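Here the structure is laid out as structure tokens; the discussion comes afterwards.
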Amino acid sequence: GLIRKPAAFISTICDERGQELSYCGVPITQVLERQLGVGGTISLLWFQRELPEWACKFFELVLIVTADHGPAVSGAHNTMVTARAGKDLISSVVSGLLTIGDRFGGALDRAAADFCAAYDRGQHPQEFVNEKRAKGELIMGIGHRVKSINNPDSRVRELKAFVTARWPAWPVTRYALDVEAITTRKKPNLILNVDGIVAAAMVDLFRHCSLFTQEEGNSYINMGSINALFVLGRTIGLVGHYLDQKRMKQPLYRHPWDDITYMSPLH
Ligand code: Q5B
């Protein structure tokens with residue numbers, strides 16, 4: 001009889017072999033007819049299930065508010081410098097994406113893991129802050145270079161309003177806000193930042209939309225799915241910065257000497 005050779009790859013999210021492409025079993029025409037949108041597409045391709053309307057809308061809201069935060073931030077800066085060095089779209093966008101990490105735009109997964117672990121062990125927010133300080137660790141999802149309680153981040157305000165109005169329950173978001181109340185007493189810029197609010201809201205989404213087991217939710221956090229929202233959103237802005245520099249035919253960038261302190265170790 002026929003012996004089927006084991007497949008080299010298994011794919012569970014998308015099938016293009018039939019007459020019609022399907023995303024996790026949902027034909028593309030249905031994705032369009034039912035107006036599942038970008039949020040619904042993310043829910044099928046990333047999470048292999050149709051998430052409720054409020055969750056899909058949240059994904060879209062996150063993509064909009066994280067799409068760009070001006071030319072001064074690390075990612076946009078790298079993309080502009082690369083574009084001005086004559087490089088192509090992909091090289092320029094990738095050079096911007098490579099700056100995303102714990103300190104810039106990539107704190108979401110660790111913020112989610114830390115807030116939910118502290119909440120789950122019943123640790124008082126003050127103890128959580130003390131413990132981080134004692135270990136000399138930064139609290140992921142807390143702090144901003146320019147935003148503060150005196151100059152609030154409207155992105156965070158919008159996300160917070162959406163979560164508190166639409167989530168069935170949001171205890172980890174509450175916990176993160178309690179942490180913020182403590183850290184902002186120390187310094188006004190130690191606010192719950194855009195990474196932190198998305199992270200806490202995603203933990204509450206996984207736990208309270210009743211479509212994930214706790215184990216599945218935790219494993220999506222560990223896989224990096226929350227950082228992926230920032231990466232996807234910010235890619236929109238990085239493409240914008242690339243096109244902007246090319247449109248204006250900006251020349252090769254060279255940093256001015258007067259903005260560099262030259263220090264020879266010999267003197
Ligand atoms: N301190 C965000 O730092 C920033 C503390 C803290 C305890 C903290 C910093 C941080 C955690 C990682 C995080 C995502 C680097 C940020 C983003 C997207 C963005 C970006 C944009 C966009 C800012 C001064 C003093 C020191 C520190 C203490 C600071 N953060 N203590 N926990 N989390 N956060 N990343 O202002 O006593 O003076 O030695 O790493 O959540 O990236 O718009 O720019 O959309 O593009 O440069 O919004 O908070 O302050 O590092 O000089 O620290 O505050 O220990 O204390 P800064 P630093 P001391 S959202």
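Some observations on this one:
- Tyr242 vs. criteria surrounded by 13 or more Cβ atoms within 10 Å (Cβ to Cβ) and more than 16 Å from the chain's Cα centre (by Cα): yes
- Options Leu32, Leu44: the member that is in contact with a strand residue (DSSP E or B) (Cβ under 7 Å, 6 or more places away or on another chain) and either aliphatic (A, V, I, L, M) or not in a helix (DSSP H, G or I) (or both): Leu44
- For Pro188, the conditions (1) within 14 Å of the ligand (Cβ to nearest atom); (2) out of contact with any strand residue (DSSP E or B) (no Cβ under 7 Å at 6 or more places or on another chain); (3) assigned to a loop (DSSP other than H, G, I, E, B) all hold with the exception of (2).
- Count of region 164-178 residues which are away from the ligand (no atom under 16 Å from the Cβ), in a helix (DSSP H, G or I) and touching a residue at least 12 places away in the same chain (Cβ under 8 Å): 2
- The listed residue being surrounded by 19 or more Cβ atoms within 10 Å (Cβ to Cβ) and either touching a Gly at 6+ places or on another chain (Cβ under 6 Å) or modelled with pLDDT of 95 or more (or both), out of Ala67, Ala113, Ala76: Ala76
- Whichever residue in region 86-102 is surrounded by fewer than 20 Cβ atoms within 10 Å (Cβ to Cβ) and free of Cβ contacts under 8 Å to residues at least 24 places away in the same chain and, among such residues, is nearest to the chain's Cα centre (by Cα): Gly101
- Tally, over region 158-182, of residues that are charged (D, E, K, R) and over 16 Å from the mean Cα position of the chain (by Cα): 4
- Which numbered condition Ala161 misses (of (1) near the ligand (Cβ under 8 Å from one of its atoms); (2) of a type outside the set (Asp, Glu); (3) under 24 Å from Gly217 (Cα atoms)): (1)
- Failed criterion for Arg4 (all others in (1) under 24 Å from Leu205 (Cα atoms); (2) outside any helix (DSSP H, G or I); (3) of a type outside the set (Asp, Glu) hold): (1)
- Residue count for region 131-152 under the criterion of being of a type in the set (Asp, Glu) and either buried (at least 21 other Cβ atoms within 10 Å of the Cβ) or more than 9 Å from the ligand (Cβ to nearest atom) (or both): the result is 1.
- Region 191-239: number of residues that are at pLDDT 95 or above, within 16 Å of the ligand (Cβ to nearest atom) and not hydroxyl-bearing (Ser, Thr, Tyr): 26
The values are calculated or read from the model by the stated rules, or taken from the named source; none is laboratory data. Please read all numbers here as calculations on a predicted model, not as lab measurements. Here the Cβ is made from the backbone with ideal geometry for all residues, glycine too, and neighbour counts use every protein chain on show.
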